[in-house]
Amino acid sequence: MFDEVLFTQKLVSKDNDNKVNIEWIVENNTGGLIEDVLALSQCYTHDFGNFEDGEVKSISFDVELPSTESLKMDFGDDTVIPDKITFGGASLTYLANGVSFKTKSNILEI
């Protein structure tokens, strides 16, 4: 046991240039119950509820990526989409023994 809460995100699929599917995975290795587990990022929020020790839960969701045309409309004709798009670490908050904790996931490059 690691005595921690693990929160990871991974790319599940990239259907085309404008849509990706991301999975969030949360694992409770604290040795006890964690409650009110809430994950959030700039593009998605999910309430995982409560986790018993050793329990793992996951959720997947789609994210629309901006097209070159929409970026040019917003930022000008010289705008280009970079080769890689980075999703920063999503935040996870939870309660353990009545104490509030916060952690972040890994960074995801697409």
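The values are calculated or read from the model by the stated rules, or taken from the named source; none is laboratory data. If you're wondering where the values come from, they're calculated on a predicted model, not measured in any experiment. Ideal geometry is used to build each Cβ from the backbone, glycine not excepted, and the neighbour counts take in all protein chains shown. Accessible surface is based on the protein model in full, side chains and every heavy atom, while ligands, DNA and RNA are left aside. Shrake-Rupley method; radii C 1.70, N 1.55, O 1.52, S 1.80 Å.
Determine, yes or no, whether V56 is aliphatic (A, V, I, L, M), under 23 Å from F87 (Cα atoms) and surrounded by 13 or more Cβ atoms within 10 Å (Cβ to Cβ).
no
The set of residues in the range 45-71 that are more than 30 Å from L33 (Cβ to Cβ), not in a strand (DSSP E or B) and not charged (D, E, K, R) comprises L65, P66, S67, T68, S70, L71. A Cβ distance below 6 Å, combined with a sequence gap of six or more or placement on separate chains, defines the contacts here; from the range 56-83, residues that are over 26 Å from S105 (Cβ atoms) reach residues that are part of a helix (DSSP H, G or I) in the pairs T79/L71; T79/K72. The requirement of being in contact with an Asp or Glu (Cβ under 7 Å, 6 or more places away or on another chain) and part of a strand (DSSP E or B) is not satisfied by L11.
Across the range 1-43, the number of residues qualifying as in contact with a Phe, Trp or Tyr (Cβ under 8 Å, 6 or more places away or on another chain), within 16 Å of F87 (Cα to Cα) and crowded, with 17+ Cβ neighbours inside 10 Å comes to 6. Picking from residues in the range 59-110 that are in contact with a helix residue (DSSP H, G or I) (Cβ under 9 Å, 6 or more places away or on another chain) and not charged (D, E, K, R), the one that is most open to solvent (accessible area, probe 1.4 Å) is V80.
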